[in-house]
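Let me begin by presenting the structure, written as structure tokens, before commenting on it.
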Amino acid sequence: MGKFSDVILAQHQKFIEEQYLFFVASSPLAADGHVNVSPKGLDAFKVISETEVAYMDLIGSGNETSAHITENERITFMFCSFTKVPNILRLYGKGRTILPGSKEWEKYASHFTLYESTRQIIVATIFKVQTSCGYGVPLYDYTGERSIHFDWAEKKGKEGLSKYIHDKNGVSLDNLKAPLK
């Protein structure tokens, strides 16, 4: 079952900062709804305090996490080590979406290197931390970040990105509305 904590401890934060990849999970309240799990990379995740985290969310093909947490706030983050010590860390929390131009934007945006394609920042209040073994997680070598997203965003341009958000990111698979700037 693993070990539990009510807060993000120093060793948890160190482990989080060492990972190049994390996963975000959310779901609607409907029993037949789609559970969403999204991989995230870059330097996009920050521990703000022992009970608060944030990640910079880039424009993507959907906006499930934002729609789900707008409905019910439930969010889980998972980090797993692909090197040396096998470890898995989960953060359970209540999330909210911070949009560019909102009164909280500057507070959270200051933690990140923002891109033209930064869509929003997802902030979560963490109420449970779980660590467990990662014996079944394979070993992988990190070789770098992909440029595909940034090439796509540059080709779209500012107005094209804004149109894309409004055309493709406003409603989840379960027909839940996601907040848009």
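The values are calculated or read from the model by the stated rules, or taken from the named source; none is laboratory data. Since the structure is predicted, the reported quantities are computational estimates derived from the model, not experimental observations. All Cβ positions, even for glycine, are placed from backbone atoms using ideal geometry, and neighbour counts span all protein chains on display.
Structure summary
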read-out: Leading residue by the ranking (surrounded by the most Cβ atoms within 10 Å (Cβ to Cβ)) among those in region 1-32 that are among the charged types (D, E, K, R) and more than 21 Å from THR83 (Cα to Cα); value: ASP6
read-out: Set GLY41, GLY95: member being under 24 Å from VAL171 (Cα atoms) and touching a Leu at 6+ places or on another chain (Cβ under 6 Å); value: GLY41
read-out: Pairs with Cβ under 6 Å, 6+ apart, first in region 90-106 and touching a residue at least 12 places away in the same chain (Cβ under 8 Å), second of a type in the set (Gly, Ala, Ser); value: GLY93/ALA124; GLY95/ALA124; THR97/SER66
read-out: Residues being without any contact (Cβ under 8 Å) to a residue 24 or more places away in the chain and surrounded by 17 or more Cβ atoms within 10 Å (Cβ to Cβ) - total across region 33-89; value: 1
read-out: Strands (runs of 3 or more DSSP E) wholly inside region 1-56 that include at least 1 residues being at pLDDT 95 or above and of a type in the set (Val, Ile, Thr); value: 22-26, 36-40, 45-49
read-out: Residues (among the small types (Gly, Ala, Ser) and under 22 Å from TRP105 (Cα atoms)) located in region 161-181; value: SER162, GLY170, ALA178
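Yes or no, residue by residue, for (1) over 14 Å from the mean Cα position of the chain (by Cα); (2) among the small types (Gly, Ala, Ser); (3) closer than 25 Å to LEU161 by Cβ:
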residue: ALA30; (1), (2), (3): yes, yes, no
residue: VAL35; (1), (2), (3): yes, no, no
residue: PRO39; (1), (2), (3): no, no, yes
residue: TYR92; (1), (2), (3): no, no, no
residue: GLU104; (1), (2), (3): yes, no, yes
